[in-house]
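Beneath this line is the structure, given in structure tokens, with notes to follow.
Just so you know, all these numbers are worked out from the coordinates, no wet-lab data involved. Owing to the predicted nature of the structure, the values given are computational and were not obtained by experimental measurement. Heads up, the Cβs are rebuilt from the backbone with ideal geometry, glycines too, and the neighbour counts pull from every protein chain shown.
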Amino acid sequence: MSTVVNIERLGVSFATDAGAVKAVDDVSLKVERGEVLAIVGESGSGKTVTAKTILGLLPDTATASGAVILSNKAGTAESDVVSLSKKQLRAVRGTDVAMVFQEPSSALNPVYTVGWQIIEGLRAHSSISAKDARAKAIEILGRVGIPDPEHRVDHYPHQFSGGQKQRIVIAMALVLDPGLIVADEPTTALDVTVQAEILDLLRRCRDEFGMGIVLITHNMGVVADLADRVAVMYQGKVVEEADAKTLFASPQAEYTKALLAAVPYVGTGTASAIERAAKRPADWVEQTPVVEASGLEIVYPGRFGKPGFQAVGGVDFVIRPGEVLGLVGESGSGKTTIGRAIAGLTKVTGGSLRVLGHEMNGVREREFRPLRSRIGFVFQDPASSFNPLLTIAECVAEPLVIHGRASNPAAARKRVDELLEAVQLPKAYGDRYPHELSGGQRQRASLARALALEPELLIADEPTSALDVSVQARVLELFAELQREFGFASLFISHDLAVVDILADRIAVLYRGSLVEEGTGAEVLGAPRDPYTQRLLASLPVPDPVAQAERREELRRLREAV
């Protein structure tokens with residue numbers, strides 16, 4: 001095996017108004033041909049900066065030291081990326097090393113077809129004809145699993161699903177046949193079923209194309225599924241490096257042990273769910289539900305003479321006072337649509353949906369407005385749900401001001417400080433702006449805002465999907481603690497079964513707008529009856545390379561049985 005990239009004593013610092021900030025400190029790593037090296041660690045550990053240095057993608061404010069020796073795929077030439085000029089960097093990007101970015105929607109240009117964007121890379125690095133470049137683009141789309149590539153090569157990014165867009169970004173990286181691919185969080189925002197398909201594709205890239213892969217991720221299940229070796233980074237340094245089986249079986253560094261301990265497992269929530277059930281009053285089942293759906297249907301109207309799209313069809317469920325219902329399923333299954341309908345943000349078109357005693361089918365905004373103060377909503381991405389021009393204190397105070405509980409943000413400051421401390425944020429953080437907080441801190445502030453009016457019902461839509469495992473563990477712990485303290489009922493929407501298992505009293509599984517299974521965590525996750533739930537469970541990677549290899553084989557059998 002020949003070395004594709006050899007990082008020697010790399011240091012990267014960024015110039016700021018407060019002085020230089022060291023992001024990467026004396027990092028040495030190497031990747032062999034046909035090997036997957038996973039670099040893991042929480043946000044701010046320096047893993048993405050290390051990866052971007054391999055491609056020379058650091059901003060002008062960065063200063064790099066050390067060496068990043070990159071070989072071409074044939075192994076006939078080497079270059080030190082740190083010392084290359086911009087013109088020389090353009091020559092090695094794409095041909096020697098390519099990158100798969102974290103968010104495919106922002107990596108793809110919305111005004112050009114996907115075929116044009118693949119061809120652009122080919123023609124920039126070779127004198128290939130337009131006809132041959134198009135044939136190559138169609139071939140590579142087919143190889144990454146895009147159906148009907150001859151036709152879809154002329155489609156635009158918005159015409160593809162999230163998983164398909166990630167496949168297209170991988171196709172763009174593969175088309176010039178580089179020796180190394182850098183994949184930065186390639187599965188973060190994907191459902192577990194789509195994630196399993198993307199991991200299979202990356203595994204094929206390694207085996208069929210014979211390339212090395214640097215995988216940047218915070219998902220330890222993904223690492224166990226794909227990686228040959230693992231490097232753990234913390235505060236800019238590599239604290240541990242070992243082959244995957246050794247690292248998961250006997251981690252040495254305390255930080256690695258803490259990282260693995262923070263990973264949620266299916267089955268860990270059963271004991272706490274039984275404990276919560278035992279504390280409920282005897283007449284709890286007879287109490288009026290907070291939410292009750294019967295034959296719920298939601299159809300989005302068609303446009304330009306096209307028929308409407310049924311997002312939810314014939315769904316029945318209840319949420320009782322103080323209960324957490326976990327709603328799981330892949331993208332497009334109708335989870336968020338149901339959450340938005342309960343909050344009065346999406347129109348109910350059929351069946352019945354009663355929220356806090358009010359029928360939502362045919363409800364008018366004037367009638368529903370008084371109920372809004374009794375419902376809290378935690379959004380998936382707190383960064384986009386906060387006004388960037390307001391401080392955190394002003395954002396958290398907004399519901400109090402809108403519903404007349406305070407005359408202005410200053411008058412609500414005492415209550416805001418109490419809420420921030422309840423979600424374990426120092427009250428001084430109230431004077432900061434959203435961009436000055438980390439992802440986990442913003443999500444806590446989002447929880448504080450949702451609880452400002454002491455709601456009876458809290459809707460949490462994928463509140464931990466973009467968080468590191470260590471931060472996710474703290475947010476989930478906090479959510480459970482707040483739910484015990486305030487006693488609100490909750491609809492917890494997620495595609496991560498292990499996360500839902502920790503919090504939920506009951507779990508409902510959605511598939512293409514229909515409820516296919518419902519029950520306690522022990523029933524749904526311990527002994528799933530529906531084939532879709534079985535596939536969903538088998539798709540969830542576990543942080544154990546040996547067990548994950550068995551699960552991968554089980555998932556393959558389930559797919560073949562469909």
request  = Place a label point 7 angstrom from the Cα of Ser106 along the Cα-to-Cβ direction, then list the residues of the stretch 45-64 whose backbone nitrogen is under 19 Å away.
outcome  = 45-62
15 Å beta-carbon shell around Val285, net charge (K/R +1, D/E -1) = 0
All lysines inside 28 Å of Lys414 as judged from Cα atoms, apart from same-chain residues fewer than 8 positions distant = Lys427
message = Report the gain in length on full extension from Arg484 to Asp243: 0.36 nm times residue separation, minus Cα-Cα distance, nm rounded to one decimal.
response = 82.6 nm
ask   = Counting only DSSP beta bridges with both residues in the stretch 418-559, what percent are antiparallel, rounded to the nearest 5?
value = 50
request  = Write out the trypsin sites (Lys or Arg not before Pro) in the stretch 461-562 meeting two conditions: DSSP loop, and at most 13 other Cβ atoms within 10 Å of their Cβ.
outcome  = Arg529
message = If R₀ is 22 angstrom, what is the calculated FRET efficiency for the pair Ala411 and Trp284, using the beta carbon separation as r and rounding to 0.05?
response = 0.05
ask   = Does the stretch 508-562 come out rounded, prolate or oblate, given a ≥ b ≥ c as the square roots of the eigenvalues of its C-alpha gyration tensor, rounded meaning a/c under 1.5 and, failing that, prolate meaning a/b above b/c?
value = oblate
query = Based on the Cβ-Cβ distance from Ser514 to Ser352, what FRET efficiency comes out when R0 is 22 Å, to the nearest 0.05?
reply = 0.85
query = Taking Lys30 as the anchor, which lysines have their alpha carbon closer than 18 Å to its alpha carbon, excluding any fewer than eight residues away along the same chain?
reply = Lys47, Lys52, Lys73, Lys237
query = So what is the relative contact order of the chain, in percent, for Cα pairs below 8 Å that sit 6 or more residues apart?
reply = 16
remark   = the chain: antiparallel bridges as % of DSSP beta bridges, rounded to 5, reads 55
note = The extension gain from Ala67 to Asp148, computed as 0.36 nm times the residue separation minus the Cα-Cα distance, is 24.8 nm
task = Note down the nm distance, to one decimal, between modelled labels 7 Å out along Cα→Cβ at Arg9 and at Arg203.
result = 4.0
request  = Would you mind calculating the relative contact order of the stretch 259-338 from Cα pairs under 8 angstrom and at least 6 residues apart, reporting the percent as a whole number?
outcome  = 25
query = Considering only the stretch 270-525, what is the antiparallel percent among its DSSP beta bridges, to the nearest 5?
reply = 50
ask   = Based on the Cβ-Cβ distance from Ser127 to His158, what FRET efficiency comes out when R0 is 41 Å, to the nearest 0.05?
value = 0.80
key: Net charge dipole size for the chain [Lys, Arg +1 and Asp, Glu -1 on Cβ; Debye, nearest 20]   = 1180
key: Whole-number percent relative contact order across the stretch 270-525, with pairs defined as alpha carbons under 8 Å at least 6 apart   = 27
ask   = What Kirkwood hydrodynamic radius do you get for the chain when you take the inverse of the mean 1/r over all pairs of distinct Cα atoms, in Å?
value = 25.5
